[in-house]
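The values are calculated or read from the model by the stated rules, or taken from the named source; none is laboratory data. Since this is a predicted model, take the numbers as computed values, not measurements. Neighbour counts are summed over all protein chains in view; Cβ atoms, including those assigned to glycine, are modelled from backbone coordinates with ideal geometry.
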Amino acid sequence: MSDTKNLQIQKAKQLLKDNGYFIDNLWQIADVQEKYQCDDDMAQYILEKSLTNEATMEQIWLSIDIFADLEKLTPKKEEEEI
C-alpha cells in the first residue's frame, strides 16, 4: 500500500474516531481472502453477512452489557436513551 493511500486511510479513521465511532477493529476483504479463494465482491459479501447477522449483533450487545456492568455503569431508563 502506498504511503499516500495509507495516510488517507489514517485520516479517514481519525475522522470517524473523532465523531464517536470505534475504529480499532476494522475488517477488510483481505481478512477473508487470506483464508478463502474469492474475488473482492464475494469477500465483501462474506464480511457483510458475518458482521451484521443477528447472532453476531446479539453477542456484541451482550458484551457491551457485561463490560458496562463490570465498570459499574448505571443503565439508562428507556425514555432516557438517545
- Message: Can you list residue pairs whose Cβ atoms sit under 7 Å apart, with the first residue in region 23-44 being over 26 Å from Lys11 (Cα atoms) and the second being surrounded by 11 or more Cβ atoms within 10 Å (Cβ to Cβ)? Count only pairs 6 or more apart in sequence or on different chains.
- Response: Cys38/Val32
- Looking only at residues in region 70-82 that are charged (D, E, K, R) and not in a helix (DSSP H, G or I), which one is farthest from the chain's Cα centre (by Cα)? Lys77
- Please go through region 52-69 and pick out each residue that is within 16 Å of Trp27 (Cα to Cα) and part of a helix (DSSP H, G or I). Thr52, Thr56, Met57, Ile60
- From Lys35, Lys49, which residue is assigned to a loop (DSSP other than H, G, I, E, B), surrounded by fewer than 11 Cβ atoms within 10 Å (Cβ to Cβ) and modelled with pLDDT of 95 or more? Lys35
